[in-house]
Amino acid sequence: MALGADRVIAYDKGGIDSLDGTFDLVLDTHGNLTYADYKRWGKRGVMVGFTTVGNLFGLSLRKALGRFPLALVNAEANATDLETLASLIKDGKVRVHLDRTYSYREIPEAIRYIEAMRTRGKVAMTWGE
């Protein structure tokens, strides 16, 4: 709300399916709303990331065939951006909340956890022993 949002709705608090009203912008920072959700609630939408590949493909197809203004935002990592981000974290300018950390051997379990949409922060993978 400090950034100008009139209303913030936590997906895990319930009540999102019974939400009524139309908003200037629906910003889904979890990436699990449907195309119909965006159209029902907003004049335009932005999806940041995605929770399942199926939802990403479905939204991409509907966006291509429809007229509703919907932006799909996904990050593309590169060395320069990762170095900048690491520097910001090291300097304490960006804080990362880790929910869970998994070994690379536990990738299937980590994916199941993420897809269950119950994360309370970032899920990290470790590659070393």
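Summary table below
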read-out	value
Per residue, in Å², the accessible surface of segment 76-129 once ligands and nucleic acids are set aside, probe 1.4 Å	85 Å²
Cα-Cα over 25 Å, subset of Lys43/Lys122; Lys43/Lys63; Lys63/Lys93	Lys43/Lys122; Lys63/Lys93
Expected-Rg normalisation [2.2 N^0.38 Å, Cα atoms] applied to segment 28-81	1.18
Given charges at Cβ of Lys, Arg, Asp, Glu: segment 42-99 dipole, positive-most of Ala77, His97, Asn55	Asn55
Cα extents of the chain along the three principal axes, largest first (Å)	49, 33, 30
Gained length - Leu56 relative to Glu106, 0.36 nm times residue gap less alpha-carbon distance	15.6 nm
Kirkwood Rh in Å, taken over all unlike Cα pairs in segment 62-129	15.0 Å
Cα-projected label distance for Ala36 with Val94, points at 7 Å along beta-carbon direction, nm	3.7 nm
The chain, relative contact order [Cα under 8 Å, separation at least 6], %	17 percent
Sequence-distant residues sharing a close amide H with Phe23 (under 5 Å, placed H)	Gly42, Lys43
Potential extension, Phe68-Thr29 segment - 0.36 nm per residue separation minus Cα distance	12.2 nm
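The values are calculated or read from the model by the stated rules, or taken from the named source; none is laboratory data. This is a predicted model, so every value here is computed, not measured. Note that we place each Cβ from the backbone using ideal geometry, even for glycine, and neighbour counts take in every protein chain shown. In case anyone asks, the SASA skips ligands and DNA or RNA and just uses the protein heavy atoms, side chains included. Shrake-Rupley method; radii C 1.70, N 1.55, O 1.52, S 1.80 Å.
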